Amino acid sequence: MLIACLVVIFGFYFLLQTRWGADHVSNWVSENSGYHLTFDVMDHRFSAPSHLLLENVTFGRDGQPATLVAKTVDIGLSIRQLTAPLHVDTILLQDGTLNISVQTAPFPFEADRLQLRNMALNSPGSEWRLSAQRVNGGVMPWRPEAGRVLGNKAQIQLSAGSLTLNDVPATNVLIEGSIDHNQVMLNTVGAAIYKIPVNT
């Protein structure tokens with residue numbers, strides 16, 4: 001009986017690393033929740049046994065634009081998953097776009113640390129018109145809520161190759177600070193601001 005269970009577990013594990021398995025998991029999530037999820041394949045490397053890699057990921061609320069599109073999502077797991085399966089150690093989003101508007105679908109999971117690598121951030125339809133490219137950095141802890149993708153209380157450290165906020169463009173941006181409910185406290189802000197011509 002034990003051998004049969006192990007065979008089933010290993011079979012399921014290897015199926016998840018195929019396009020067929022990824023399609024079935026994506027369809028199951030989309031049909032049994034209020035979210036839509038697609039990814040091409042799940043990868044697992046024995047050199048990093050606590051990490052799962054999802055490739056070409058799209059995630060969002062049903063009937064709404066995608067909250068996340070990323071070439072790679074690296075999820076760092078721990079023994080905590082036994083008691084809190086939706087709270088992971090780390091999530092790395094790489095080469096994609098994260099939408100952070102108030103209409104954004106809340107993520108159903110959280111992490112001790114969210115890391116961004118070469119991501120774009122957009123806030124369509126929000127009070128702060130933000131568009132940032134080549135974003136790297138982290139948010140600790142990451143506990144997203146509806147309309148607040150970065151959460152209500154966290155430390156943030158982000159850099160961006162280019163950023164436009166309320167139509168003001170800047171390059172080589174560095175931001176360090178914290179989020180505390182409706183307040184954003186910035187300890188370090190650095191950027192090169194473009195001169196904007198004024199028509200008279």
Residue list for segment 137-181, restricted to those being assigned to a loop (DSSP other than H, G, I, E, B) and among the polar types (S, T, N, Q): ASN152, ASN166
All positions within segment 41-77 that are in a strand (DSSP E or B) and among the acidic types (Asp, Glu): ASP43, GLU55, ASP74
Test set (1) more than 19 Å from LEU116 (Cα to Cα); (2) of a type outside the set (Asp, Glu); (3) crowded, with 16+ Cβ neighbours inside 10 Å - SER33 fails condition number: (3)
Selection count where residues are at pLDDT 80 or above, touching a Ser or Thr at 6+ places or on another chain (Cβ under 8 Å) and more than 19 Å from LEU92 (Cβ to Cβ), scope segment 123-152: 3
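Just the residues that are within 30 Å of GLY34 (Cα to Cα), of a type in the set (A, V, I, L, M) and loosely packed, with under 15 Cβ neighbours inside 10 Å, please, taken from segment 146-177.
Hit for segment 146-177 is ALA146, nothing else.
The values are calculated or read from the model by the stated rules, or taken from the named source; none is laboratory data. This one's a predicted model, so the numbers in the text were calculated from it and none came from an experiment. Because the Cβ atoms are built from the backbone with ideal geometry, glycine has one as well, and the counts that use them run over all protein chains shown.
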